[in-house]
Amino acid sequence: MKKLFSRRPSAGVVIGFIALCVALGGGAYAATSKKIEYKGLSKDARLKTLGVAKTNAQTGTTPCDPTSTTFLKCTSVDVDGSTGFPRKYLVVVDGTLDGGGSPANGICHVEIDGAEVNGTKTNVHTAGAIQSFGINIVTTAQGGKHTIALACNETAPGDLKIPQFELSAVQVR
């Protein structure tokens, strides 16, 4: 034991030991101090918040009937997400097309507040028989109130109708 303490520790060892004690003490202090909440919500409360979902559907009675190359909103849902914690939305669109017995062509896409969402443009075509289409996408983070819509147009002469459609928007993390 005498050999262990026979020399005085160097200044570097003393400073290193003090730094180690301060570093360990800071972590212990932080672990026991009061937690700071962000905008009135703790981290656990933010993670446990349930998502918001909205759905709008139409079947048969009054079909969406785009008649020109301008986009017609077939359906929309209003979402109201947190502005403090913007979330993404999973948007799912399903529908059927009817050309009334003749070929019909068009384009459908998803819009947020009147602006097309990139990657949602879908060419729709029916040779006369009823065909189906679908669009699925996760949007960029959106905070606050927004309108998510399905909009379609006709790109060639014909009688494109969309008799059945459903638009769902579900808030995801």
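The values are calculated or read from the model by the stated rules, or taken from the named source; none is laboratory data. Everything numeric here is computed off the predicted structure, so don't read it as measured data. With ideal geometry, Cβ positions are generated from the backbone for all residues, glycine too; neighbour counts draw on all protein chains shown. Side chains are part of the model used for accessible areas, which takes the heavy atoms of the whole protein and leaves out ligands, DNA and RNA. Shrake-Rupley method; radii C 1.70, N 1.55, O 1.52, S 1.80 Å.
Yes/no per residue for (1) touching a residue at least 60 places away in the same chain (Cβ under 8 Å); (2) open to solvent by 20 Å² or more (accessible area, probe 1.4 Å); (3) hydroxyl-bearing (Ser, Thr, Tyr):
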{"position": "Cys108", "(1), (2), (3)": "no, no, no"}
{"position": "Asn118", "(1), (2), (3)": "no, yes, no"}
{"position": "His125", "(1), (2), (3)": "no, yes, no"}
{"position": "Ile137", "(1), (2), (3)": "no, yes, no"}
{"position": "Thr140", "(1), (2), (3)": "no, yes, yes"}
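The criterion of being in contact with a Lys or Arg (Cβ under 9 Å, 6 or more places away or on another chain) and not small (Gly, Ala, Ser) does not hold for Thr122. Inspection of segment 143-160 identifies at least one residue that is in a loop (DSSP other than H, G, I, E, B), charged (D, E, K, R) and over 17 Å from Asp94 (Cβ atoms).
For segment 83-101, the set of residues classified as over 24 Å from Pro157 (Cα atoms) and either open to solvent by 50 Å² or more (accessible area, probe 1.4 Å) or part of a strand (DSSP E or B) (or both) consists of Thr83, Pro86, Arg87, Lys88, Tyr89, Leu90, Val91, Val92, Val93, listed by residue number. Lys88 meets the conditions (1) closer than 17 Å to Ala53 by Cβ; (2) over 13 Å from the mean Cα position of the chain (by Cα) in every case but one. The failed one is (2).
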